[in-house]
Amino acid sequence: MIWTKKSRITALTLAFGLIAGCGSAPPAAQRTPTQSRLPVVDSGTLDNAPYRVDIPANWNGGLVMLLHGYEPKGVPRTTPWPQNEAAPIFLSQGYAVAASAYASQGWSVADAVPDNERLRSYFEGKYGDSRRTYLVGFSLGGHIALASLENYGSLYDGALSLCGVNTPAASAFNDAVLPSLVAFDYFFPGVMGLASGGLSDPASPAMLDPEAIESALKANEQAAGILSRRLEIARAALPGALMLNYMVLREMQARTGGFPADNRATVYSGFGDDAAFNKAVRRYSGDQNAMKYLADHADLTGRVGKPLVLQSNNDDPTIPKRLTTIYPALAAAAGRSDRVVVLPSAGEGHCGFAPEQIRSAFETLISWVDSGYRPAGP
């Protein structure tokens, strides 16, 4: 689904790269920086998770816990963990920014939630309790922000999820990742070079070739059009989106030791001749341990007690439009619609926000928290 690395927006439809780095809390008398000691840049490692803390000279006492998106396993990490390109937006408004790199790469939710909490605790132990504390997440970081708000809501004043995976992990894999890949395999058999066991076969390729995908799509634009419309992914973005979904699926298989999705009982629609599609599409049996892993780590429920602002992008090939309605529906079912505001989509592509759009969304959250009045929204 989503990964982010600084200043990279490619055919992989990647998001913002968010940044972050150790130490023990100093004596209480040293906990609050004086103006003469600001600004502060503090980086290191907490329990194998690199982090970075920035405190501006005009610190207003507020704290933004900045949560980055999907980072492919094996991508080299910079030491010390660098400042995220989105951090200046919050620093310029007087907020301190703390960002963990998480202890692991990939679908790192199981590590990211406690790593973020460990960093927040470290910040307050060293610099004092913040006046306000907010969660801001991009892409998979949005999912982590929602999980943190659901599980540690008393520690936060609100959250902002931008271009976020605002859906339970099982839904992300069953409703987005797997359908895109089995549908491509149906219309373009053999192109992915899968082993005999298909997507669940450990002998299948570690990565897809986007050029081979594009060549196949060009050879059958009618089928490519069906995929584009049904998957809600622009035709030009299909190769990158399919490659990214495949990479995420393979990483999750390696992480859990099994196949994390199950489509044996799924009745697909919208793929042209649906009867033929459902008869011939490849079926996969999910591994119980793998699916339990997804459910056990940040299975979102919609039960939030603090203000939450959500904003998606237009034509996002990584987070299809149909996924953006899932969390608001969960909140409604949990009787928490009054805690959620969905802003109109902005920007183009995955996490394609301009700085002023990020600033505006954050100001919506700040105004809601400060005034106590929920802003207008769907």
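At a glance:
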quantity	calculated
Cross-chain or 6+ apart pairs with Cβ under 9 Å, segment 175-195 first and hydroxyl-bearing (S, T, Y), then crowded, with 22+ Cβ neighbours inside 10 Å and at pLDDT 95 or above	S180/L227; S180/L231; S180/I233; S180/L238; S180/A241; S180/L242; S180/N245; S180/Y246
Test: V41 is open to solvent by 60 Å² or more (accessible area, probe 1.4 Å), hydrophobic (A, V, I, L, M, F, W, C) and modelled with pLDDT of 95 or more	yes
Residue match in segment 82-95 (condition: more than 15 Å from the chain's Cα centre (by Cα), within 27 Å of L323 (Cα to Cα), modelled with pLDDT of 95 or more and not hydrophobic (A, V, I, L, M, F, W, C))	no
Identity of the residue in segment 340-378, in a strand (DSSP E or B) and β-branched (V, I, T), that ends up nearest to G305 (Cα to Cα)	V340
Complete set of residues in segment 296-313 that are open to solvent by less than 50 Å² (accessible area, probe 1.4 Å) and closer than 20 Å to L323 by Cα	A298, L300, T301, G302, V304, L308, V309, L310, Q311, S312, N313
3 or more residues under 22 Å from D296 (Cβ atoms): qualifying helices (runs of 4 or more DSSP H) within segment 80-157	109-127, 140-151
Which listed residue is in contact with a strand residue (DSSP E or B) (Cβ under 8 Å, 6 or more places away or on another chain) and at pLDDT 95 or above, from V177, V109, V136	V136
Candidates G69, G74, filtered to the one that is modelled with pLDDT of 95 or more and part of a loop (DSSP other than H, G, I, E, B)	G69
Among the residues listed as A354, A376, A298, the single one being at pLDDT 95 or above and not β-branched (V, I, T)	A354
Candidate set from segment 158-193 (those that are part of a loop (DSSP other than H, G, I, E, B) and open to solvent by 40 Å² or more (accessible area, probe 1.4 Å)); member that is nearest to P114 (Cα to Cα)	G193
Evaluation of N245 against (1) at positive phi; (2) buried (at least 19 other Cβ atoms within 10 Å of the Cβ) (one fails), failing number	(1)
Test: residue in segment 257-273 that is buried (at least 21 other Cβ atoms within 10 Å of the Cβ), assigned to a helix (DSSP H, G or I) and either at pLDDT 95 or above or on the phi > 0 side of the Ramachandran plot (or both)	no
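Every residue, every condition in (1) within 25 Å of T325 (Cα to Cα); (2) of a type in the set (K, R); (3) in contact with a Ser or Thr (Cβ under 7 Å, 6 or more places away or on another chain); (4) modelled with pLDDT under 95, yes or no:
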| position | (1), (2), (3), (4) |
| --- | --- |
| S196 | no, no, no, no |
| M207 | no, no, no, no |
| A212 | no, no, no, no |
| R229 | yes, yes, no, no |
| Y246 | yes, no, no, no |
| K292 | yes, yes, no, no |
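The values are calculated or read from the model by the stated rules, or taken from the named source; none is laboratory data. Being a predicted model, the structure only gives us computed values, none of them experimental. Neighbour counts are summed over all protein chains in view; Cβ atoms, including those assigned to glycine, are modelled from backbone coordinates with ideal geometry. Heads up: the accessible areas ignore ligands, DNA and RNA and are worked out on the full protein's heavy atoms, side chains in. Shrake-Rupley method; radii C 1.70, N 1.55, O 1.52, S 1.80 Å.
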